[in-house]
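Novice: Mind looking over this structure? Questions follow.
Just so it is clear, none of the values below were taken in a lab; they were calculated from the coordinates. What you are looking at is a predicted structure, and each value in this text was computed from that prediction instead of being measured. Cβ atoms come from the backbone with ideal geometry, glycine included; neighbour counts cover every protein chain shown.
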Amino acid sequence: MSESSVVVHADPQVLATAAAARLIIKLLDAQAGRGSASVVLTGGRGAAEVYRSIGRSPAREAVDWSRVDVWWGDERFLPAGHPDRNETQAREALLDSLPLDPARVHAMPASDGPDGDDAKAAAARYARELAAAAKPGSSELPHFDVLMLGVGEDGHVASIFPEHPGGYETGTVAAVHNSPKPPPTRISLTMPTIRTAEEVWLIAAGKDKAAPVGMAIEGAGPKQLPAAGAVGTDKTLWLLDRAAAANVPPKARSLR
């Protein structure tokens, strides 16, 4: 059963710095144990600050970045290099400054990629890429050491929105149409895929996140509030600032 923890930090900057340190340590531990590490990235302002904090940390030099696989939890189905793509944000904030193996950076397809504007075909392409990275005969998915998620004001994670058809997908990757937030077309890992990660980290800052965070931690239904259904196989970690933790019961918090 997944162990769930809530860690509350003083403000968004402290949260980002602490999350960056946690991720560096997790990658080091994974490489010590398995020889490689795998992380699933998310998008948003909070995630970008985590990535910038990694870039500023001297400890980043301890990671063998050539043995890190980078995946994404979801992507806006826009042309490559578009500023609203999560890939573009992550590259600018951190990835382009790291000695990564390009073959191990697995960006989700863009709308000007080989499948054109066919998001369903692009999602299927990413599913095949995941399957190709899995151990032979083990599953359709590789091992994810950490899967990072932002939490939306409505409780969505990745591009899985409350009561949206994407929340009912059972494959590994899904095309998302008519998203409640722009752009309307996206690609997302499904909830069953998210739940295969060893550790799932839900990162939220600001008072506009307090309601969904509080409801998710208190046990809301995952179809109504997708953040409530995002759990890791070993650990589920809520990384919050004080504003986002306003509705979390004191007994559930660990203050930092």
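Novice: Which helices, taking whole DSSP H runs in the chain, have alpha carbons extending 24 angstrom or more along the helix axis plus mean Kyte-Doolittle at least 0.5?
Specialist: 12-34
Novice: Per q in 0.13, 0.23 Å⁻¹, report the Debye log10 I(q)/I(0) for region 165-256, using one uniform scatterer on each alpha carbon and no solvent.
Specialist: Computed log10 I(q)/I(0) values: -0.49, -1.23.
Novice: Is region 148-206 rounded, prolate or oblate when judged by the Cα gyration tensor, a ≥ b ≥ c being the square roots of its eigenvalues, rounded requiring a/c under 1.5 and prolate requiring a/b larger than b/c?
Specialist: Verdict is oblate for region 148-206.
Novice: About its Cα centre, what dipole magnitude does region 49-170 give when the only charges are +1 on Lys and Arg Cβ and -1 on Asp and Glu Cβ, stated in debye to the nearest 20?
Specialist: 420
Novice: Rank Val176, Ala244, Thr88 by how far each Cα sits towards the positive end of the charge dipole of the chain (+1 on Lys, Arg Cβ; -1 on Asp, Glu Cβ) and give me just the farthest.
Specialist: Value: Ala244.
Novice: Using only Cα atoms, locate the centre of region 170-240 and the centre of region 104-123, then give the distance between them in Å, rounded to an integer.
Specialist: Using only Cα atoms to place each centre, the spacing works out to 22 Å.
Novice: Which aspartates and glutamates have a Cα lying under 15 Å from the Cα of Lys135, excluding residues fewer than 8 positions away in the same chain?
Specialist: Within the straight-line limit of under 15 Å, Lys135 reaches these aspartates and glutamates: Asp69, Asp145.
Novice: Could you quote the convex hull projected area for the chain, Cα atoms only and averaged over all directions, in nm²?
Specialist: 12.6
Novice: Follow-up. For region 54-128, calculate the relative contact order in percent as a whole number, restricting contacts to Cα pairs under 8 Å that are 6 or more residues apart.
Specialist: Over region 54-128, the number comes to 33 percent.
Novice: Using the Cα atoms as the points, what is the convex hull volume per residue of region 113-153 in Å³?
Specialist: Expressed per residue, the convex hull around the Cα atoms of region 113-153 is 119 Å³.
Novice: Additional query: How big is region 1-123 in terms of Cα radius of gyration and Dmax, in angstroms?
Specialist: 15.5, 45
Novice: Hey, with R₀ at 22 Å, roughly what FRET efficiency would Asp29 and Arg56 work out to, going by the Cβ-Cβ distance, to 0.05?
Specialist: 0.55
Novice: How big is region 1-67 on each of its three principal axes, counting only the C-alpha atoms and giving the largest first in Å?
Specialist: 34, 34, 20
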